[in-house]
1. About its Cα centre, how strong a charge dipole does the range 32-104 have in debye, to the nearest 20, once Lys and Arg get +1 and Asp and Glu get -1 at the Cβ?
2. Quick one: among Lys29, Lys98, Lys80, which has the greatest mean-square fluctuation in a GNM of the chain with alpha-carbon springs under 10 angstrom?
3. Test of understanding: in a Gaussian network model of the chain with alpha carbons linked when under 10 Å, which of Asn88, Asn48, Asn66 would top the mean-square fluctuation ranking?
4. Among Tyr92, Tyr51, what is the fewest-to-most ranking by other Cβ atoms within 10 Å?
5. Hey, what do the phi angles of the range 93-99 turn into as Karplus ³J(HN,Hα) couplings, whole Hz, using 6.51/-1.76/1.60 and θ = phi - 60°, x for Gly and Pro?
6. Taking the Cβ-Cβ separation of Tyr51 and Thr26 as r and a Förster radius of 25 Å, what is the calculated FRET efficiency to the nearest 0.05?
7. What list of ³J(HN,Hα) values in whole Hz, one per residue of the range 60-69 in order, does the Karplus curve 6.51 cos²θ - 1.76 cosθ + 1.60 (θ = phi - 60°) give from phi, with Gly and Pro shown as x?
8. Mind scanning Lys46/Lys98; Lys80/Lys110; Lys9/Lys110 and naming the pairs with a C-alpha gap bigger than 19 Å?
Amino acid sequence: MLVSSAFTKAIADTFYDKTFTIAATTHGKDAEGGATTIVGSPVTHKGNVQYNLSQRAIELYGLIENVDLAITTSTSVSVKADDRVTYNSVTYVVTSVKPFDSHILIIGSKR
């Protein structure tokens, strides 16, 4: 479905009222072959934050992972599984990102 930019802006203006940050993670190996994880600088975004999803929503989204935080936000937000999302001074690990027509759903869990 094609969603107009005016519709996308109306959604953002209405629902994206919470501020959160995303810090990208990169995995690699050090000089001795040990695993490394580098967490980048946080980037601030706006979205709709939920602390729990109903069982019905979990079924609709096809989620199998633990859901401690769910954020809907613009499709222009760059995020992937294993990135770090911080909201209200609590950091979550992104377990999945589900794209939709007018938004993405970011699922995070405390680890």
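1. 240 debye
2. Lys29
3. Asn88
4. The fewest-first ordering by Cβ neighbours comes to Tyr51, Tyr92.
5. With coefficients 6.51, -1.76 and 1.60, one gets 9, 5, 9, 6, 10, 10, x Hz.
6. Step by step, r from the Cβ atoms, then E = 0.35.
7. With coefficients 6.51, -1.76 and 1.60, one gets 4, 7, x, 8, 10, 8, 5, 10, 9, 8 Hz.
8. The answer is Lys9/Lys110.
Since every read-out is calculated from the coordinates, none of them should be taken as a lab result. These numbers come from a predicted model, not from an experiment. Because the Cβ atoms are built from the backbone with ideal geometry, glycine has one as well, and the counts that use them run over all protein chains shown.
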